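Here the structure comes first, spelled out in structure tokens, and everything after it is commentary.
Throughout, read-outs are computed from the coordinates displayed, never taken from laboratory work. Note that this is a predicted model, so its numbers are computed, not measured. As a convention, Cβ positions derive from the backbone with ideal geometry for all residues, glycine included, and neighbour counts pool all protein chains shown.
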Amino acid sequence: MWKTVMIGFLTFVVFSTFLLGIGHTLEYKLFLFSFYEETANGVTIGGSVVPFILAIAVSYIVGNAYEKKRQKNRYRAHSN
């Protein structure tokens, strides 16, 4: 069980970092997270939470796929 949680968490960290990196490198606002930015009009605080939402969805899918594969392998080991 803890392996499934760790795989899900690592997937979340890697995927969100990847999307944030794309947003920062390409200055793509959908994936850009800027907590503090000084502009001519003042200070802007904000950013997109889309990378985090997508990372949660991907980590859920990967965690479930891993758990199903693990259960399938456990069933095969017990049936032999």
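Odds and ends about this structure:
- Helix-only [θ]222 nm of the chain, DSSP H runs n ≥ 4, -39500 (n - 2.57) each, per residue, nearest 500: -24500 deg cm²/dmol
- With Cα atoms, 0 to 90° folded angle of helix 2-26 axis to the chain main axis: 30
- Cα point-scatterer Debye curve for the range 2-72, base-10 log of I(q)/I(0) at q = 0.17, 0.24 Å⁻¹: -0.66, -0.96
- About its Cα centre, the range 2-72 has a charge dipole of approximately 680 debye under the convention of +1 per Lys or Arg Cβ and -1 per Asp or Glu Cβ, with nothing else charged.
- Karplus-derived HN-Hα couplings along the range 51-63 (A = 6.51, B = -1.76, C = 1.60, θ = phi - 60°), whole Hz, x at Gly and Pro: x, 6, 5, 5, 5, 5, 5, 5, 5, 5, 5, 5, x
- Which of 60, 44, 26, positive extreme of dipole for the range 2-72 (C-beta unit charges): 60
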